[in-house]
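These notes concern the structure reproduced below.
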Amino acid sequence: MSFVFAFDRDDAVTSSPKTGPVPIEWVRYLAHETDHQVWATGSQKLKPEAEIPGTEELIQLYSDRWGDPAEHMHARKHPKVEARDGLPADAPDPDVVTAVYLHEGNPAPRGFTSGESLSRDQRLRLLYALFPEHDKHIVIDNKYLGHLPHWVHFYPAEFVQMVECLDPLLDIASPRDVEIPDYYDWPDV
């Protein structure tokens, strides 16, 4: 099974000033010792701490896969309306395309505020659009994100508890395999 993990940092990971419950070593392990995708979708300070990709890499993957978001904005007859005109069939939702466009510092179309950036929800929806073929998409965040389609949300303490239950001998200082087995009872998404 292949998963996409999306981590927030603040109040979630031990590298946070408020020290969250998820050991930074677990994030590094998942990112560098497994074949899973591991991303910083909250505070981008987690990127260098865990050596994982984040928002800028999402924007680059968008451009690599679908081209320049400016072209998509110009092709859309009504960018303020959630219309998919001018977008590739597998592209993310129009609001995500607009946010990518604005994140790159492009001039705001009429009705938008210049400098708007991708919200956490939009980052996760873009991440899903880029990696839809993975078996599970798991977000670990102290902000509730269980409303997002295709994502399984864990609060940081819940994630730690789940991993420890799957492997009660888990050494928190140097994690072993934290692959989540097929038989785990996932909530419907």
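None of the figures in this text is laboratory data; all of them are computed from the coordinates on show. These numbers were taken from a predicted model, which means no experiment stands behind them.
Structure notes:
- Amide H contacts of His137 (H built 1.01 Å from N, under 5 Å, at least 5 apart or other chain): Val4, Val152
- 3J(HN,Hα) from dihedral phi, region 144-153, Karplus parametrisation 6.51/-1.76/1.60, rounded to Hz, x for glycine, proline: 5, 10, x, 6, 6, x, 6, 10, 9, 9
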